[in-house]
Amino acid sequence: MRYAQGGGLTDERRAFREELRMEAAERFARGEENPVIAHDLRVSVRSVQRWRRAWSQNGPRALASRGPASLPLLSDELFAVLERELAKGPVAHGWPDQTWTLSRIRTLIGRRFHKSYTVQGVAALLKRHGWSCQVPARRAIERDEAAVAGWVKETWPSVEGP
């Protein structure tokens, strides 16, 4: 099971799923039916069918967790190096302006670490390490702080709704 937010199951969730499979194995040995097991364990009948097939071929060890589906391409140590490289700025890496984009970071990872990420993979990597989209450091000269504050207090609550 994969999630769009980046990453698969946590270690705790993987252990929980393994406990479910082991409980199902005990119930297979007792001869219980797939739909009953699926209902009691709150999983799909298809999952129980797959588990039973694996259990019948290799026993309970076939239902043991095999660990995470994949390991991240960049370890925490390499990500710390990437953060230092990002702190140097895009100009230091040959780009003409001071804007980091996901494709530029992807290129930097390829050049520096010889690892291949997709743009979506870079976004997930950054989000997993607590990064978010950039917010401009400078405000427009024309910005009227009093008008913004008034809009936030008066107009926004009616737009937002209950």
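Using a Förster distance of 30 Å, how high is the FRET efficiency between R30 and R66, based on the Cβ-Cβ distance and rounded to 0.05?
On the way: r = 26 Å, r/R0 = 0.85.
In this case the efficiency is close to 0.75.
Roughly how many debye, to the nearest 20, is the charge dipole of segment 72-145 about its Cα centre, given +1 on each Lys and Arg Cβ, -1 on each Asp and Glu Cβ, and no other charges? Spell out each step's value before the answer.
Values: 12 positive and 8 negative charges, 56 e Å.
In debye, rounded to 20, segment 72-145 gives about 260.
At a temperature of 25 °C and a viscosity of 0.890 mPa s, determine how fast segment 75-157 diffuses translationally according to Stokes-Einstein, using the Kirkwood radius over alpha-carbon pairs as Rh; express D in µm²/s, rounded to the nearest whole number.
Details: Rh = 15.2 Å.
So the translational diffusion coefficient is about 161 µm²/s.
Using just the helices of the chain, give the 222 nm mean residue ellipticity in deg cm²/dmol: DSSP H runs with n ≥ 4 each add -39,500 (n - 2.57), and the total is spread over all residues, rounded to 500.
Values: 8 runs with 87 residues, N = 162.
After summing the helix terms and dividing by residue count, I get -16000 deg cm²/dmol.
Debye sum, Cα scatterers, the chain, no solvent: what log₁₀ I/I(0) at q = 0.10, 0.11, 0.13, 0.18 1/Å?
Cα-only, vacuum Debye calculation for the chain: -0.68, -0.74, -0.83, -1.05.
Please name which of L102, W131, A54 has its Cα lying farthest along the dipole of segment 29-154 towards the positive end, using unit charges on Cβ (Lys, Arg +1; Asp, Glu -1) and the Cα centre as origin.
Working it through, the farthest residue towards the positive pole turns out to be A54.
Among all the aspartates and glutamates, which ones have a C-alpha under 13 Å from K88's C-alpha, if same-chain residues fewer than 8 places away are not counted?
Answer for K88, where 13 Å is the Cα cut-off: D97, listed by chain and number.
If R0 is 22 Å, what FRET efficiency do you get for S116 and L78 from their C-beta distance, rounded to 0.05? Mind dumping the intermediate values first?
Values: r = 14 Å, r/R0 = 0.63.
After rounding to 0.05, the efficiency reads 0.95.
Where a Cα-Cα gap under 18 Å defines reach, which aspartates and glutamates qualify for K127, not counting those fewer than 8 residues away within the same chain?
List returned: D76, E77, E83, E85.
Take every Cα pair under 8 Å in segment 18-62 that's 6+ residues apart, average their separations, divide by the length, and report that relative contact order as a whole percent. Write out the running numbers ahead of the final one.
Numbers: 24 pairs, mean separation 17.5, N = 45.
The value is 39 percent.
A short reminder: the numbers here are calculations on the coordinates, not readings from a lab. Everything numeric here is computed off the predicted structure, so don't read it as measured data. Cβ coordinates were reconstructed from backbone atoms using ideal geometry, including for glycine residues, and neighbour counts include every protein chain displayed.
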